[in-house]
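Scroll down for the structure; my scribbles are underneath it.
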Amino acid sequence: MQTLVDVKEVYSTEGLSLWYDKKQALKDVNVSIFEKQVTAIIGPSGCGKSTFLKTLNRMVELEPKITIKGRISYRGNNLYDKHYPVEQLRHRVGMVFQKANPFPKSIYNNIAFGPRLRGIKNKQLLNEIVERSLKQAALWDEVRDKLNQDANRLSGGQQQRLCLARCLAVDPDVILMDEPTSALDPIATAKVEELVHQLKQQYSIIIVTHNMEQAKRVSDQTAFFLNGELIEQRKTSELFAKPFHKETADYISGRFG
Amino acid sequence: MKSQITNRMATVLISVCAGLMALIMIALVGYIFYQGLGHVTWHFLTTVASTFQVGGGIKDQLWNSFYLLIVTMIFTTPLGIAGGIYLSEYAKPNRVTGFIRSCVEVLASLPSIVVGLFGMLVFVNTFHWGYSILSGAVALTIFNLPVIVRVTEDALRSVPVALKEASFGLGVGQWYTIKNVLLPAAFPGILTGIILSAGRVFGESAALLFTAGLTSPDLDFKNWSPFAFDSPLNPLRSAETLSVHIYSVNTVAIVKDAPQVAAASAAVLALFVLIFNLSARGLGAWIQKRMSGKS
């Protein structure tokens, strides 16, 4: 037991169910997410993996007519408590989306956006945050001379790393990634994966992916979802080597999905 | 074979309709300019109107039109933008929202003469504002507000959802997201809409006949105190605008050169409305380019 206690839980869900209007998207999900690890969430399209990810920072509430039952604890507090400050949660839990979504502002202002709204006005400090975040996202060397250029002029891969840097700039605890490389070419994908590998030293990362090779390459834990249910969650190496369930075996061997 | 012919006919028909529309517009504006521009001189623009002598100008009317436009826009723009933000960002899709939206639509389709008569009963008579810039501006606000609300709502809705998600995802609150992400992105669209509606306000006459009045005092352009009865800035004096002037010159004027004055005034009015429309297009495009270009 002693070895298990060493790894801290960031998130845990108990009996999490979610409905879009009358359609159930998540069914009684019980999951644990561990600190400073990469957790991959895999499963066929429409299995609820993106929905699950969006419950973790309550972005799912932007959708109309949703109903949520069950419990999600983040660092021991119930997220769906009425009084839970949702802005603070999203500030601690950053998100990188499927398609890069930089603001139509300069590179500098994209990164400085979050810190500025948190009240940081000191120019020196902002400069430092921008530089540090861009370095963490391995983008600094490519953009250091054009920080005032419109972010939309960057390439797709650069934009995605910019979005990552933007989320790092507010100093998060957890980073959620929703198929962050699905719109990128193999070279840009490799760069993002390399970053995920480095960032897990400091952050807990949850990545939704439809690419099983990617899950194998980057993650420590893998959770397999099917039709809104969590089929199994284990260490990545074990899950891919010896899946417990037939559905998991079928999916990872490419028999459906 | 048959579908090809049908296709041809449809193309020809649609092109003819489009051409006809352009032709009407060119003919109309061309005729107004042809009739009027010849009489538009510097003297005409800078001389006061005359009720019994030849050689009157439109100095005061031109000023009144612009002043009324500015006052109206000061009333309309903040209210309209706030309404648009509410409908696009805060309103939940329910009955109350549906009702508010219907109100906006009904307001937008009210005939302007009805708004004018309402303005006379309420602002001029009940509130004792008299025939005044203020009465006129409030009447025009009723008439212009729904346009700005609609324009703002549409512009905000056309901002990509991804930007909103990006901002919320950073833990930025709703109001800051609206202020710092959505409004800047929607700004070119909102500005274009405001300028276009300014063109409409500038040319409006029916709503002003009974609110801003058919006369104005002899304006003293050296006295800028808003409290003097003949000050250009006094909001409680009556003010005949350019389009109302065209109406009154055509109906009641007894001066010999009335047809020329009316034609020239119409040309000036059409010219300004044209400038509003063209600048709305140009400015919108320029800002869009500017905003995505550098900062």
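The values are calculated or read from the model by the stated rules, or taken from the named source; none is laboratory data. Given the structure is predicted, the values throughout are model-derived calculations rather than measurements. Glycine gets a Cβ as well: all are built from the backbone with ideal geometry, and neighbour counts include every protein chain shown. Please note that ligands, DNA and RNA were not included when accessible areas were found on the heavy atoms of the full protein model with its side chains. Shrake-Rupley method; radii C 1.70, N 1.55, O 1.52, S 1.80 Å.
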Size of electric dipole in the stretch A:2-252: Cβ of Lys, Arg +1 and of Asp, Glu -1, about Cα centre, debye, nearest 20: 640
Karplus (6.51, -1.76, 1.60) ³J(HN,Hα), θ = phi - 60°, over the stretch A:206-221, in Hz, Gly and Pro reported as x: 10, 10, 8, 8, 9, 9, 5, 4, 5, 4, 4, 5, 9, 9, 9, 10
Cα gyration tensor category, rounded, prolate or oblate, for the stretch A:21-85 with a/c compared to 1.5: oblate
D_trans [Stokes-Einstein, Kirkwood Rh over alpha-carbon pairs] for the stretch A:2-252, 37 °C, 0.692 mPa s, µm² s⁻¹: 175
Farthest positive-ward along the stretch B:42-293 dipole, Cα basis, beta-carbon charges - from B:266, B:96, B:223: B:96
Cα-derived Rg to Rh of the stretch B:1-159, Kirkwood definition: 1.13
Protection proxy ranking of A:167-176, A:246-255 - average other beta-carbon atoms within 10 Å, highest first: A:167-176, A:246-255
Share of alpha-carbon pairs per 10 Å distance bin for the protein assembly as shown, given as whole %: 3, 14, 19, 17, 14, 13, 10, 6, 2, 1, 0
Surface/4 estimate of mean projected area, convex hull on alpha-carbon atoms of the stretch A:182-257, nm²: 5.5
The stretch B:251-294 - convex hull of alpha carbons, volume per residue in Å³: 62
Accessible surface buried upon A-B contact (total; probe 1.4 Å; Å², nearest 100): 1800
Qualifying lysines (Cα of each under 24 Å from Cα of residue B:222; at least 8 residues distant if same chain): B:59
Radius of gyration, Dmax [the stretch B:140-295; alpha carbons; angstrom]: 21.2, 71
The stretch B:25-71: C-alpha pair distances exceeding 13 Å, %: 65
Highest-MSF residue in chain B out of B:190, B:246, B:14 [GNM, Cα springs under 10 Å]: B:14
Amide H contacts under 5 Å for residue A:106, placed H, 5+ residues apart: A:151
Solvent-accessible area per residue, Å², over the protein assembly as shown with all protein chains present [probe radius 1.4 Å]: 51
Sites residue B:222 and residue B:54 - FRET efficiency at Förster radius 22 Å, r taken between beta-carbons, to 0.05: 0.25
Estimated translational D of the stretch B:119-163 in µm²/s (Stokes, Kirkwood radius over Cα pairs; 37 °C; 0.692 mPa s): 265
Solvent-free Debye scattering, log10 I(q)/I(0), computed from the Cα coordinates of the stretch A:117-257 at q = 0.11, 0.12, 0.16, 0.19 Å⁻¹: -0.50, -0.58, -0.89, -1.12
D_trans [Stokes-Einstein, Kirkwood Rh over alpha-carbon pairs] for the stretch A:150-205, 25 °C, 0.890 mPa s, µm² s⁻¹: 209
Under 19 Å from residue B:289, Cα to Cα: aspartates and glutamates that are on another chain or at least 8 residues apart: A:150
Per-selection metrics, the stretch B:65-194 (Cα): Rg and Dmax in Å: 17.0, 54
Surface share of carbon and sulfur [accessible, 1.4 angstrom probe, percent] for chain A: 47
10 Å Cβ neighbours from other chains, averaged over peptide B:156-169: 5
Interface residues in the stretch A:106-135 - accessible area drops by 40 Å² or more relative to the isolated chain, probe 1.4 Å: A:113, A:117
Within straight-line cross-link reach of residue A:23, lysines at Cα separation under 29 Å, skipping those fewer than 8 residues along the same chain: A:49, A:54, A:65, A:69, A:82, A:99, A:246, B:92, B:164
Cut-off under 5 Å, modelled amide H: who pairs with residue B:257 long-range: B:55
Residue among B:26, B:70, B:254 with the largest mean-square fluctuation in a Gaussian network model of chain B, springs linking Cα atoms under 10 Å: B:26
Relative contact order computed over chain A (Cα-Cα under 8 Å; 6+ residues apart), in percent: 28
For the stretch B:167-242, alpha-carbon Rg over 2.2 N^0.38 Å: 1.79
Cα convex hull volume per residue for chain B (Å³): 221
Rounded FRET efficiency, nearest 0.05, which uses the C-beta distance separating residue A:86 from residue B:287 and R0 of 25 Å: 0.15
Value of relative contact order over the stretch A:1-62, rounded to a whole percent, pairs C-alpha under 8 Å and six or more apart: 26
